[in-house]
Each structure stands twice: as structure tokens, then as C-alpha cells.
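Down below is the structure, laid out as C-alpha cells.
The values are calculated or read from the model by the stated rules, or taken from the named source; none is laboratory data. In this text the structure is predicted, and so the values were computed from the model without any measurement. For neighbour counting, all protein chains shown are included, and Cβ atoms are generated from backbone atoms with ideal geometry for every residue, glycine included. SASA here: full protein model, heavy atoms, side chains in, ligands and nucleic acids out. Shrake-Rupley method; radii C 1.70, N 1.55, O 1.52, S 1.80 Å.
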Amino acid sequence: MIVLGIETSCDDSAVGLYDTGRKVLASVLAAQLEHAPYGGVVPELASRVHLRNLPPVLRSALDGAGLDPGNLDAVAVTQGPGLMGSLLVGLAFARALGHAWDRPVVGVHHIESHILANHLERDMVFPALVLVASGGHSQIVLARRPGDYALLATTRDDAAGEAFDKVAKVLGLGFPGGPRIEERARRGDPEAIAFPVARLGDGGLDFSFSGLKTAARIRWEERPPAGEAGLDDFCASFQRAVVAQLLDRVLRAVRGRDVQALYLAGGVAANRTLLAAAREALDPLGLPVFAPSPRYCTDNGAMVACAAALRLEADPAPAPPDQPFPRGAIASWR
Ligand SMILES: Nc1ncnc2c1ncn2[C@@H]1O[C@H](COP(=O)(O)OP(=O)(O)OP(=O)(O)O)[C@@H](O)[C@H]1O
Ligand SMILES: [Mg+2]
């Protein structure tokens, strides 16, 4: 089965092709540089740029894979959560293609597609624990099998990726902050500054990154790091505090649960220091840790196609997507 996936939940216009036998056939993305002068994503501008970007991105994905619409079994699209206008453009585009090509259209939850991005390069094993850390989400999900999920933890305030982005802004490192902080952290001393690792009073598994973000800002204002080496130490210490919190929750979530593996998902999963630390922490428990290649951790169309293909294998005629949804937790479909 070959599925075309369209992803427009935020500011990347992405199209991917996934074959259940051969895995990823294409993954093409047009990043929107138009937002740079505004210091953040401007929702209406994002919708307009998707409208312009999607046709050439689609063409490039099909040409790159040497396919034409006749080879496709279904069209998949991110239905939510995300920016309403951006989702509407993607959904309208997918429905138009489905109509023109006479193919079913499958709506996919954005967080489900981030999780199932782990299936793009090697088959996933279930039941699994998934740490989702992205620009808008920090969650722990128990994935019993594709389509069967339980949300175990979420964030009380900021997401992990958001904390990376906001602290990078304070440090003058630009956007997106995660990769820039990770790059500098490689050269820095993670023990230079003892940033706080939040623990909630109720002993629950939820995350909280706003205290760490504020601590980083105050430290920056009161005792700015000296020179490049000081900045590298700052980044390494901040990153260590984020990783420590993520793994504190994962280790507690894994206890007493019969899972086969831990998967990392979402943009922050591109952070190879996080992956290495997770492997070190879970090795004594005999639990393998996997993450997609960095290009499949951040938003892409291949993960949308893959999530829809896994759904179609179990549920051959899902209801076609009607409206996009800007918010909403991951839901099970079986
Ligand atoms: N190497 C990295 N280390 C840490 N964070 C990273 C890295 N690479 C990307 N990120 C972060 O990942 C986020 C982008 O991920 P993603 O594309 O999944 O987010 P999003 O789609 O905007 O949000 P969501 O998926 O929650 O709707 C950004 O916050 C970015 O800073
Ligand atoms: Mg995303």
C-alpha cells in the first residue's frame, strides 16, 4: 500500500510518500522563511504560504519517487491539532486530491503521526512507552499498538521545545532554539550551572518547564556568561536540566509497566544528547530506546502517510475527515 501524506499543522508545508513494503519513498518540505522578520509564526501568513507551497512540494515528492497519482492507495492529512488556517489549507488540498484522483482521504492526529514516525525506518514494537517532546507538547503516552493509546502525562505549562526556543531567544541564538542550544551544548560543561529540575508536589508524572525558563532568564540577566565558552556552558547546563526532567518522568512511568521499548517523538527527539541519556538511563532495565532520524522528528509528510497506512491496515474504511481541530489530545481509534 502506498499513501501520500500532507502536513500543514504549523509553518512547514510538507508532503511524504510511504509504502508499507518499502518504507519512505519521499519526504519533501518547504520551510516558511517569510516569518523571520516577525520573530514568530504569523498564522494568517502561514496559511497563505501553504497555499502557494503545496502544489510544487507535491510535484517534487511524486517526481522524486517516480510515481504518479495512479500508484497511490490513499491521501492522508493532518487534521489537528495546529493552526486553524494552516490545517484548513492542508485539509482542503487533501480533499481536492482525493476527489480528483478518486482515492480515500484519511485524517491523522498530529501527535499520533509524531509517535508513528518511529515506524518510518524500522518496525515499531508494542506495547511501548513514548516520550513526546515537541514545540507544543510534552507528553508520555502508553502505545499498546497503533491506534490504542493512553495519555499518562502532559505539561502543566510550557512544552520542552517551547522552553528551548524561549531560552534561545533570551540568549540571542535565534529560532528554532533546540538545535542551536544542542550545538553549543556539545562544547559546554553541563555542570557549570545548577538549574532546577521541577518535581510536582503531587508526585505525578506531569511536566513543568516554566520555572526552568524563568530561572534561565534571571540567571542570564543577573550573571550573564562570559564569552563564547560561558555561553556554551550555559546551553549545556540548561539542556541537562531539560533532559533530567524528561527522564525523571520516563523512569517513573516505566516502573511496573510491561513495555517492550521507549520511543522518543517530536522535534526535541532530534536532540541526540537526550537519546544518549535515555539509553544510558534505561539500559539497566534492559529496555531499548529508539528515536527517528532527526529529519523525521520534526514535522514532515512521511509520518502522516505512515500513520494513515497503519490505520488503513487495521481499519480499511475510516470516516473521511470533516473539520480540522485546532486542539485536542491524542485519541484511540480502536
Ligand atoms: N536538536 C534539538 N534539540 C532540542 N530541541 C529541538 C531540536 N531540534 C528541534 N527541536 C525543537 O523541536 C520543536 C519543533 O518540533 P515540532 O516540529 O515537532 O514542533 P511543532 O510541530 O511546532 O509542535 P507540535 O508538534 O507540538 O504541534 C522546536 O521547539 C525546536 O526547538
Ligand atoms: Mg509537530
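Using a cut-off of under 13 Å, list every residue of region 273-302 whose amide N is near the label point 7 Å from the Cα of Phe325 along the Cα-to-beta-carbon line.
Counting only backbone N, you get no residues.
Can you work out the Karplus-derived ³J(HN,Hα) for every residue in region 120-125? Use 6.51 cos²θ - 1.76 cosθ + 1.60 with θ = phi - 60°, whole Hz, and x for glycine or proline.
5, 10, 8, 5, 6, 10
Extending each Cα 7 Å along its Cβ direction at Leu205 and Asp73, get the distance between those two points in nm, one decimal.
A separation of 3.2 nm, rounded to one decimal place.
Considering only the other residues whose Cβ falls under 11 Å of the Cβ of Ala229, what net charge follows from Lys and Arg at +1 and Asp and Glu at -1?
Details: positive: Arg184, Arg187; negative: Asp189, Glu228, Asp232, Asp233.
That sum, taken over residues with Cβ under 11 Å, equals -2.
Using the heavy atoms of the protein chains and a 1.4 angstrom probe, tell me the accessible area per residue for region 189-334 in square angstrom. Could you put the intermediate results ahead of the total?
Numbers: 6710 Å² over 146 residues.
That works out to 46 Å² for each residue.
Taking every DSSP beta bridge that has both residues in the chain, what percent is antiparallel when rounded to the nearest 5?
Numbers: 25 of 42 bridges.
Taking every DSSP beta bridge within the chain, about 60 percent pair in antiparallel fashion.
Ignoring ligands, DNA and RNA, what percent of the 1.4 Å accessible area of the chain is carbon and sulfur?
C and S fraction of accessible area: 53 percent.
If you plug each phi of region 244-251 into the Karplus form 6.51 cos²θ - 1.76 cosθ + 1.60 with θ = phi - 60°, what whole-Hz ³J(HN,Hα) values come out, in order, with x for Gly and Pro?
So the J values, rounded to whole Hz, are 4, 5, 4, 6, 4, 5, 4, 5.
Helix 302-314 against the longest principal axis of the chain: what's the angle in degrees, Cα atoms only, rounded to the nearest 10?
Computed tilt is about 60 degrees.
Just want to confirm a number: the relative contact order over region 126-291, from Cα pairs under 8 angstrom separated by 6+ residues, in percent. Walk me through the intermediate numbers first.
Details: 318 pairs, mean separation 46.7, N = 166.
About 28 percent, as a whole number.
I need the calculated FRET efficiency for the pair Leu33 and Asp283, taking r as the beta carbon distance and R₀ as 35 Å, to the nearest 0.05. Provide the component values of the computation, followed by the final result.
Numbers: r = 41 Å, r/R0 = 1.16.
Approximately 0.30, to the nearest 0.05.
Counting alpha carbon pairs within less than 8 Å and at least 6 residues apart, what relative contact order, in whole percent, applies to the chain? Let's see the in-between values first.
On the way: 734 pairs, mean separation 84.4, N = 334.
Dividing the mean separation by the residue count of the chain yields 25 percent.
Between Ala150 and Thr214, what's the calculated FRET efficiency when r is the beta-carbon distance and R0 is 35 Å? Round to 0.05. If you can, show how the numbers build up before the last one.
On the way: r = 32 Å, r/R0 = 0.90.
Given R0 = 35 Å and the Cβ-Cβ separation, E is 0.65.
Please report the antiparallel percentage of DSSP beta bridges with both residues in region 126-291, rounded to the nearest 5. Mind dumping the intermediate values first?
Working: 11 of 19 bridges.
In region 126-291, DSSP labels about 60 percent of beta bridges as antiparallel.
What does a probe at Ala92 reach in region 101-133, counting residues whose amide N is under 20 Å from the point 7 Å along Cα→Cβ?
Flagged as within label range: 101-102, 105-108.
Helix 210-222 versus the longest principal axis of the chain: what is the Cα-based angle in degrees, 0 to 90, to the nearest 10?
For 210-222 against the chain, the angle is about 50 degrees.
So, with +1 on the Cβ of K and R and -1 on the Cβ of D and E, and no other charges, what is the size of the charge dipole of region 126-291 about its Cα centre, to the nearest 20 debye? Each step should come with its number before you reach the end.
Values: 21 positive and 20 negative charges, 47 e Å.
I would put it at about 220 debye.
Using a Cα-Cα cut-off of under 28 Å, which lysines could be cross-linked to Lys213, ignoring same-chain neighbours fewer than 8 residues away?
Qualifying lysines at Cα under 28 Å: Lys166, Lys169.
Can you give the charge dipole size of the chain about its Cα centre, rounded to the nearest 20 debye, using +1 on the beta carbon of Lys and Arg and -1 on the beta carbon of Asp and Glu? Mind showing how you got there, number by number?
Working: 33 positive and 37 negative charges, 65 e Å.
For the chain, the charge dipole is close to 320 debye.
Return the calculated 222 nm mean residue ellipticity for the chain, to the nearest 500 deg cm²/dmol, obtained by summing -39500 (n - 2.57) across DSSP H runs with n ≥ 4 and dividing by the residue count. Mind dumping the intermediate values first?
Details: 10 runs with 137 residues, N = 334.
Calculated mean residue ellipticity at 222 nm is -13000 deg cm²/dmol.
Per residue of region 5-13, what does 6.51 cos²θ - 1.76 cosθ + 1.60 with θ = phi - 60° give for ³J(HN,Hα)? Whole Hz please, x for Gly and Pro, Karplus curve as stated.
Using θ = phi - 60°, the values come out as x, 10, 10, 9, 6, 9, 10, 9, 9 Hz.
Just report the Cα centroid separation between region 226-266 and region 59-105, whole Å.
With region 226-266 and region 59-105 each reduced to a Cα centre, they are spaced 35 Å.
Can you tally the net charge around Phe126? Count Lys and Arg as +1, Asp and Glu as -1, for every other residue whose Cβ sits under 9 Å from the Cβ of Phe126. The partial results should precede the final answer.
Numbers: positive: Arg144, Arg145; negative: Asp148.
Counting the neighbours of Phe126, the net charge comes to +1.
Kindly provide the Kirkwood hydrodynamic radius of the chain in Å, to one decimal, from all pairs of distinct alpha carbon atoms.
Working: mean 1/r = 0.0492 Å⁻¹.
Across the chain, the inverse of the average 1/r is 20.3 Å.
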